[in-house]
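J.: Can you keep this structure in mind? I'll have questions shortly.
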Amino acid sequence: MTRIDIDGAIRLHNHWRRQFINAFAGGNYADMPLSEHRGCTLASTLKDIADAVIETADYQQLVAIHDHFHALANDIVELSNNGLGDAADLLLPELNEASHQLVGQLDKLRTALTPK
């Protein structure tokens, strides 16, 4: 079985989240790819995890949380681009919560993937 670097996956996710938050705060995220994992390098790790766990319920939950995280990021950009920056700001706590859930789910999968 391929060894999955969960810590690396968490680092990739946190790096992307920090880039997004910094870009959003600076207002220069117009060219930052946000959807369909174009800018998120965690997507390749998710594929490796899928190969390792044969898409269990835990994996499906991870993908759902990951997709929700990126949907929120897209909503934040859309709202901000449409002059609704205050509404976009209100989604930042939800984005952070989705981020914490994603890391928690990766930790859960780490346990499932650890040889006994």
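The values are calculated or read from the model by the stated rules, or taken from the named source; none is laboratory data. These numbers were taken from a predicted model, which means no experiment stands behind them. FYI the Cβ positions are ideal-geometry reconstructions off the backbone, even for glycines, and counts take in every protein chain you see. In case anyone asks, the SASA skips ligands and DNA or RNA and just uses the protein heavy atoms, side chains included. Shrake-Rupley method; radii C 1.70, N 1.55, O 1.52, S 1.80 Å.
J.: So between GLN61 and ALA23, what do we pick up on full extension, going 0.36 nm a residue minus the alpha carbon distance?
T.: Stretched fully, the GLN61-ALA23 segment lengthens by 10.9 nm.
J.: What is the percent carbon and sulfur in the accessible area of the stretch 76-116, measuring with a 1.4 Å probe over the protein chains and ignoring ligands? Kindly include the intermediate steps, with their values, before the conclusion.
T.: Working: 1380 of 2490 Å².
So the carbon and sulfur contribution to the accessible surface is 55 percent.
J.: Obtain the nm distance between the two label points defined at ARG11 and GLU97 by a simple spin-label model: each point lies 7 Å from its Cα along the Cα-to-C-beta direction.
T.: 3.0 nm
J.: Using 0.36 nm per residue of separation minus the Cα-Cα distance, give me the extension gain between THR111 and ASN74 in nm, one decimal. Working shown, then result.
T.: Numbers: separation 37, 0.36 × 37 = 13.32 nm, distance 3.09 nm.
Contour length minus the Cα-Cα distance gives 10.2 nm.
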